[in-house]
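Have a look at the structure below before the remarks.
The values are calculated or read from the model by the stated rules, or taken from the named source; none is laboratory data. These figures come from a predicted structure and were not determined experimentally. Cβ: placed from backbone, ideal geometry, glycine included. Neighbour counts: every protein chain shown.
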Amino acid sequence: MASVSGEFEKKPLGQVLLNRHIITQEMLDLALARQKAEKKKYLGQILVEMGVPQDEINKAMDSHQHRRKVGEILLDSEAITPNQLDTALEKQKEQKKSRKPLGRICLEMGYISHGQWMDAMAKHFVMPVVSLSGFEPSRVLQKLIGEKFALDKKIIVLEYENGKIRLALSDPNLFFMEEMKKLSPLGKRIEFCLAEQSEISPCLERLYSTPPPPPATAPPMATA
């Protein structure tokens, strides 16, 4: 009879994805080799960069309890001390109504820099970080989510191809992301990216503060 500890032994994320036929052994070997070279990145981040569907990685992480808590990530990267984590957790408990995310509390308390916050969010949500510097948003693509929703949630549609919609967010949370997936068109996969709020806001301003260009008109027909 198998032991209880063996029965519920936590498998590595790579093995879980391999068993689910999401990745091949060759992909896993390559990702693990990259992880050795890029020590600050988690395996999930590397696999997303390699083209593995973000949603499949998140499902595997949640079903096998692989998602690291933000506090653990900040400790792991030595961005905060255990004492600072305890203080931030106590402050979070005091905020019964707003219940701010721990990363935001650490940022507001001056424990971490904005860059460290971005790094922790990217790891926690398995989201690539993108730069919108020089990016020109598309009015046509932005219609996929609507003006009011985009302005309220601060979202930029990056691209839409091969059945995949890529969105840039500045302040992600799991509940909102799950709701977005439910609202996505049938058969369309949503992939989330993390971007600076300071870069998303100018994109939205360019999109919605100026009127759209007039539709092209046909040239007048020549008369005899």
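Tabulated results
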| quantity | calculated |
| --- | --- |
| Residues that are outside any strand (DSSP E or B), among the small types (Gly, Ala, Ser) and closer than 19 Å to residue 126 by Cβ, drawn from the range 143-177 | 170 |
| Residue tally, condition of a type outside the set (Val, Ile, Thr) and not in a loop (DSSP other than H, G, I, E, B), over the range 61-115 | 28 |
| Some residue of the range 55-72 being under 30 Å from residue 114 (Cβ atoms), of a type in the set (S, T, N, Q) and modelled with pLDDT under 95 | yes |
| Residues satisfying the stated conditions in the range 9-24, i.e. touching a His at 6+ places or on another chain (Cβ under 9 Å) and part of a helix (DSSP H, G or I) | 13, 16 |
| Residue selected from the range 126-142 under the condition outside any loop (DSSP other than H, G, I, E, B) and not polar (S, T, N, Q), by the criterion surrounded by the fewest Cβ atoms within 10 Å (Cβ to Cβ) | 140 |
| Selected residue (criterion: farthest from residue 88 (Cα to Cα)) from residues of the range 114-123 that are touching a residue at least 12 places away in the same chain (Cβ under 8 Å) and of a type in the set (Gly, Ala, Ser) | 122 |
| Selection status of residue 99, among the basic types (Lys, Arg) and within 30 Å of residue 14 (Cα to Cα) | no |
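Residues checked against (1) modelled with pLDDT under 95; (2) over 22 Å from residue 104 (Cα atoms); (3) in contact with a helix residue (DSSP H, G or I) (Cβ under 6 Å, 6 or more places away or on another chain):
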position	(1), (2), (3)
135	yes, yes, no
161	yes, yes, no
170	yes, no, yes
173	yes, no, no
190	yes, yes, yes
211	yes, yes, no
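This table checks each residue for (1) closer than 28 Å to residue 18 by Cα; (2) free of Cβ contacts under 8 Å to residues at least 60 places away in the same chain.
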residue: 55; (1), (2): yes, no
residue: 63; (1), (2): yes, yes
residue: 67; (1), (2): yes, yes
residue: 72; (1), (2): yes, yes
residue: 96; (1), (2): no, yes
residue: 112; (1), (2): no, yes
residue: 130; (1), (2): yes, no
residue: 135; (1), (2): no, no
